[in-house]
Amino acid sequence: MRLTIARDGTLIDVSMFKSSGLPALDATALNMIRQASPYPPFPPDITGTRQNFLLPLQFRRSD
């Protein structure tokens, strides 16, 4: 996942960096990131008004 978060923790944008190959799983992962917003504000040592993050997610199928 690729996330852009504002200094105050607001989610500005989220997109799929690489698809899992399963559209339903991709949509669920995007929704999960959106529902977790807002995020904690940046600590003072992180500069700028927004930051981009790459969030690797791994899923395993369990039976």
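Points to keep in mind about this one:
- For the stretch 19-50, the set of residues classified as surrounded by 11 or more Cβ atoms within 10 Å (Cβ to Cβ), under 17 Å from residue 60 (Cα atoms) and not hydrophobic (A, V, I, L, M, F, W, C) consists of 20, 26, 28, listed by residue number.
- Within the stretch 14-58, being hydroxyl-bearing (Ser, Thr, Tyr) and not in a strand (DSSP E or B) holds for 19, 20, 28, 37, 39, 47, 49.
- Residues that are free of Cβ contacts under 8 Å to residues at least 40 places away in the same chain and assigned to a strand (DSSP E or B) within the stretch 1-13 comprise 11, 12, 13, listed in sequence order.
- Residues located in the stretch 15-60, provided they are charged (D, E, K, R) and either within 16 Å of residue 1 (Cβ to Cβ) or at pLDDT 95 or above (or both): 18, 26, 34, 50
The values are calculated or read from the model by the stated rules, or taken from the named source; none is laboratory data. Note that the structure is a prediction, hence the values are computed from the model and not measured. Virtual Cβ from ideal backbone geometry, glycine too; neighbours counted across all protein chains shown.
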